[in-house]
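Trainee: Have a look at this one.
The values are calculated or read from the model by the stated rules, or taken from the named source; none is laboratory data. None of these values were measured; they are calculated from a predicted model. Heads up, the Cβs are rebuilt from the backbone with ideal geometry, glycines too, and the neighbour counts pull from every protein chain shown.
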Amino acid sequence: MPDDRFTNEPLDVSTLPQLADEAFTGVHPRYLRVRLVGRSIFGVLVLTGAAVLAVAVKDGVVATVVMSIAILYVAALMALAVAEVRRLGYQLREHDLSLRSGVIQHRVASLPYSRVQHINIGRGPLERLFGLASLAVSSAGPNIGIPGLTEAEAQRIKVFITERADVQEDDQPPTNAGLLDELAPSPPPPVTPRQAPPATPEQALPYPSPPSSSSPPGHQPPGSLPPHLDG
């Protein structure tokens, strides 16, 4: 007879499964170009604003300080983008999906397939330019987004997670037509036109017609009184 008693024994952490760094798959190398181009556009705007401010100040020392800070800031953004792309990685396991990210603060987020609700593939202008795509996995709790994938990789991962999670893909029409039919109001019953009641014998009798000029003398129309009783 099996023992069904409740137990709550401590577990050895060293025996638990681990997310090894070498098991993570890095994003495509072209994604670094996407990030650098985006940061470059932002850097041009920052340098332009700093130059306008330096000209408006009309002080050589202050202008030099402003431009130096702007250049260092843009350079730091570019270096941080390189480090972030090298840190990015994802890992597919039998029951969950994990994403590794963060440079200053390292983060590893895991999402069980059983919690997945929606999966979507997005391609921005720069991603389309470099032939890349991003995979967004939504759940009832935290969401996971994997950028820097080729379109073929994103499609394969989407199909794999969809099969494991048994969820509906966003690019398919909803399958709740039956529920909508139940909630839709039923059409009103057809209106039968009311028929007039049959005419009574009194209603069917015609009104007495006035005497015609061709009637013989002394002829009285039906329903009229004799002359000696009239009046």
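Trainee: Under 6 Å by Cβ, and 6 or more places apart or on different chains, what pairs join a residue from the range 146-159 that is at positive phi with one that is assigned to a helix (DSSP H, G or I)?
Mentor: G148/Y31
Trainee: Just name the residue that is farthest from F160 (Cα to Cα) out of those in the range 110-135 that are surrounded by fewer than 17 Cβ atoms within 10 Å (Cβ to Cβ) and of a type in the set (G, A, S).
Mentor: Taking the candidates together, the pick is G124.
Trainee: Is there a residue being within 30 Å of P142 (Cβ to Cβ) and part of a loop (DSSP other than H, G, I, E, B) anywhere in the range 48-58?
Mentor: no
Trainee: Can you tell me which residue within the range 42-100, out of those that are within 22 Å of D21 (Cα to Cα) and among the acidic types (D, E), is nearest to the chain's Cα centre (by Cα)?
Mentor: D96
Trainee: Residues that are modelled with pLDDT under 90 and over 23 Å from L129 (Cβ atoms): does the range 22-34 have at least one?
Mentor: yes
Trainee: Right, next: Suppose we filter G145, G89 for residues that are crowded, with 17+ Cβ neighbours inside 10 Å, out of contact with any Pro (no Cβ under 7 Å at 6 or more places or on another chain) and not hydroxyl-bearing (S, T, Y); which single one remains?
Mentor: G89
Trainee: Does V74 satisfy the criteria of being surrounded by fewer than 17 Cβ atoms within 10 Å (Cβ to Cβ) and more than 28 Å from R164 (Cα to Cα)?
Mentor: No.
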